[in-house]
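K.L.:
This is the structure I want to talk about, given as structure tokens.
The values are calculated or read from the model by the stated rules, or taken from the named source; none is laboratory data. All values reported here derive from a predicted model rather than from experimental measurement. Cβ sites come from the backbone with ideal geometry, for glycine too, and all protein chains shown count toward neighbours. For the accessible areas, the whole protein counts, side chains as well, though only heavy atoms, and no ligand, DNA or RNA atoms are used. Shrake-Rupley method; radii C 1.70, N 1.55, O 1.52, S 1.80 Å.
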Amino acid sequence: MSYTRYKNNNLFIESVSVKKLTSKFKSPFYLYSESGIIENYKSFFNNFKKSKPLICFSVKANSNIQILKVLKKMGSGADVVSGGELLKAIKSGIKSNKIVFSGVGKTEEEISLAIKKNILLINVESENEALLVDKIAGKFKKRVPIGIRLNPDINAPTHKKISTGKAEDKFGLSKTSLISFCRNSKKLKNLRLDAITVHIGSQILSENPFRKTLKVLEEIIKKTKMNFKYVDLGGGFGITYKKNDKKINLKNYSNLVEKFRMKYNCNIIFEPGRAIV
């Protein structure tokens, strides 16, 4: 259902006239449909409800605290990429054990904050970052749960500036490096390798790249013999901007995810962003 419509040549969001709001508030301003956001969240969750995933809304898609509060009421967690986003998520009421901290370039201060707040996972992007988290965790005398990000070398059909899953992209470890890291991870005494994580890009409108990614994850799990507590499948689910855009078939993908979850006895995490807002 669309919550944006024209009536007598006037734009309405839900039942609110935008024209009337412009006489009350200075423009430009942001205007969101709470009902639209709730419907999007429910639709996403219902597509994957067999797998009972933890949905961690990607805060970088929209960090408006009122929107985060709405999503918190729906049961959402948060995927954050900065200390500021982490604090916003917590301020909105999202529990620390539903927050994952992703992204490159985390500062020592941000890593320390994530450890202090006892978040679910720090998703590390490289072996060097894992060493840094291990060092900081040692200062806190804590064993910190981490996810390790795989670069599966999969070309998702999207804009080249938002592709993150190819070998030449700056994100994550190659298959070879990740397998090696897993085999040596027990040497990092202050870390607990709880998850493997992937995110292959944004605005993806086909389930095929996700299907290929699951196959690469299977290969890694078989080779490392790791029993990951969580498999974080990231986000990237596209929305239709044009009439001819074909919607992604989440039902097909959800069946593959459920088979994968059952086979490897893991908890699934998703990080949708624009698909929700």
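K.L.:
Within region 1-30, track down each residue that is of a type in the set (A, V, I, L, M), open to solvent by less than 90 Å² (accessible area, probe 1.4 Å) and in contact with a helix residue (DSSP H, G or I) (Cβ under 7 Å, 6 or more places away or on another chain). Walk me through how you get there before you give the answer.
P.N.:
Looking only at region 1-30, we keep the residues that are of a type in the set (A, V, I, L, M), and these are 1, 11, 13, 16, 18, 21.
Next, only the ones that are open to solvent by less than 90 Å² (accessible area, probe 1.4 Å) stay: 11, 13, 16, 18, 21.
Passing the criteria: only Leu11.
K.L.:
What number of residues within region 1-15 are in a loop (DSSP other than H, G, I, E, B) and aromatic (Phe, Trp, Tyr)? Walk me through it before giving the result.
P.N.:
Of region 1-15, the ones in a loop (DSSP other than H, G, I, E, B) are 1-3, 8-9, 14-15.
Cutting the leftovers down to aromatic (Phe, Trp, Tyr) gives us 3.
Of the residues in that region, 1 qualify.
K.L.:
Name, by its number, the condition in (1) aliphatic (A, V, I, L, M); (2) open to solvent by 30 Å² or more (accessible area, probe 1.4 Å); (3) more than 24 Å from Asn267 (Cα to Cα) that does not hold for Met74.
P.N.:
It is condition (3) that Met74 fails.
K.L.:
What number goes with the only condition from (1) touching a Gly at 6+ places or on another chain (Cβ under 8 Å); (2) within 20 Å of Gly201 (Cα to Cα); (3) surrounded by fewer than 18 Cβ atoms within 10 Å (Cβ to Cβ) that Val104 does not pass?
P.N.:
All conditions pass for Val104, except number (1).
K.L.:
Does any residue of region 265-272 turn out to be surrounded by 14 or more Cβ atoms within 10 Å (Cβ to Cβ), more than 13 Å from Ile55 (Cβ to Cβ) and in contact (Cβ under 8 Å) with a residue 40 or more places away in the chain? Working first, answer last.
P.N.:
Within region 265-272, the first condition is being surrounded by 14 or more Cβ atoms within 10 Å (Cβ to Cβ), and the residues that meet it are 266-272.
Pick out the ones that are also more than 13 Å from Ile55 (Cβ to Cβ) and you get 266.
From the residues that got through so far, the ones that are in contact (Cβ under 8 Å) with a residue 40 or more places away in the chain too are none.
So far as region 265-272 goes, no, none of its residues is surrounded by 14 or more Cβ atoms within 10 Å (Cβ to Cβ), more than 13 Å from Ile55 (Cβ to Cβ) and in contact (Cβ under 8 Å) with a residue 40 or more places away in the chain.
K.L.:
Any residue in region 70-95 that is within 20 Å of Ser112 (Cβ to Cβ) sitting within a Cβ distance under 7 Å of a residue that is among the β-branched types (Val, Ile, Thr) and assigned to a helix (DSSP H, G or I)? List the pairs, counting only those 6 or more apart or interchain.
P.N.:
Ala78/Val59; Asp79/Val59; Val80/Val59; Glu85/Val59; Lys88/Val59; Lys88/Ile65; Ala89/Val59; Lys91/Ile65
K.L.:
Okay, next question. Being open to solvent by less than 30 Å² (accessible area, probe 1.4 Å) and closer than 23 Å to Asn128 by Cα is the requirement here; does Ala195 meet it? Break it down stepwise before answering.
P.N.:
Details: open to solvent by less than 30 Å² (accessible area, probe 1.4 Å): yes; closer than 23 Å to Asn128 by Cα: yes.
For Ala195, the condition - open to solvent by less than 30 Å² (accessible area, probe 1.4 Å) and closer than 23 Å to Asn128 by Cα - is met.
K.L.:
Something else about it: For Leu87, only one of the following conditions fails: (1) out of contact with any Pro (no Cβ under 8 Å at 6 or more places or on another chain); (2) crowded, with 19+ Cβ neighbours inside 10 Å. What is its number?
P.N.:
Exception for Leu87: condition (2).
K.L.:
Turning to a different aspect of this structure: Restricting attention to region 227-253, and to residues there that are part of a helix (DSSP H, G or I) and open to solvent by 10 Å² or more (accessible area, probe 1.4 Å), which single residue is farthest from Ser2 (Cα to Cα)?
P.N.:
Initially, region 227-253 is screened for residues part of a helix (DSSP H, G or I), giving 250-253.
When the remaining residues are screened for being open to solvent by 10 Å² or more (accessible area, probe 1.4 Å), the result is 250-252.
Values: Leu250: 19, Lys251: 21, Asn252: 24 Å.
My answer is Asn252.
K.L.:
Could you list, in sequence order, all residues of region 38-69 that are among the β-branched types (Val, Ile, Thr) and crowded, with 21+ Cβ neighbours inside 10 Å? Step through it out loud before you land on a result.
P.N.:
At the first step, the residues of region 38-69 found to be among the β-branched types (Val, Ile, Thr) are 38, 55, 59, 65, 67.
Ile55, Val59 - these are the residues of region 38-69 that are among the β-branched types (Val, Ile, Thr) and crowded, with 21+ Cβ neighbours inside 10 Å.
K.L.:
If Val104 satisfies every condition in (1) at pLDDT below 95; (2) within 29 Å of Ile38 (Cα to Cα); (3) of a type in the set (Val, Ile, Thr) but one, which is the exception?
P.N.:
Val104 satisfies every listed condition except (2).
K.L.:
Another question, then. Is it fair to say Leu178 is over 28 Å from Leu68 (Cβ atoms), open to solvent by less than 60 Å² (accessible area, probe 1.4 Å) and out of contact with any Phe, Trp or Tyr (no Cβ under 9 Å at 6 or more places or on another chain)? Give the steps one after another, and end with the answer.
P.N.:
Numbers: over 28 Å from Leu68 (Cβ atoms): yes; open to solvent by less than 60 Å² (accessible area, probe 1.4 Å): yes; out of contact with any Phe, Trp or Tyr (no Cβ under 9 Å at 6 or more places or on another chain): yes.
Yes: the conditions hold for Leu178.
K.L.:
Given the condition under 16 Å from Leu191 (Cα atoms), out of contact with any helix residue (DSSP H, G or I) (no Cβ under 8 Å at 6 or more places or on another chain) and not in a helix (DSSP H, G or I), answer yes or no: does some residue in region 79-98 qualify?
P.N.:
Within region 79-98, the subset under 16 Å from Leu191 (Cα atoms) is none.
The answer is no, given that none of the residues of region 79-98 is under 16 Å from Leu191 (Cα atoms), out of contact with any helix residue (DSSP H, G or I) (no Cβ under 8 Å at 6 or more places or on another chain) and not in a helix (DSSP H, G or I).
K.L.:
Separate question: Checking Ile220 against (1) buried (at least 18 other Cβ atoms within 10 Å of the Cβ); (2) under 20 Å from the mean Cα position of the chain (by Cα); (3) in contact (Cβ under 8 Å) with a residue 40 or more places away in the chain, which single condition isn't satisfied?
P.N.:
Here Ile220 clears every test but (2).
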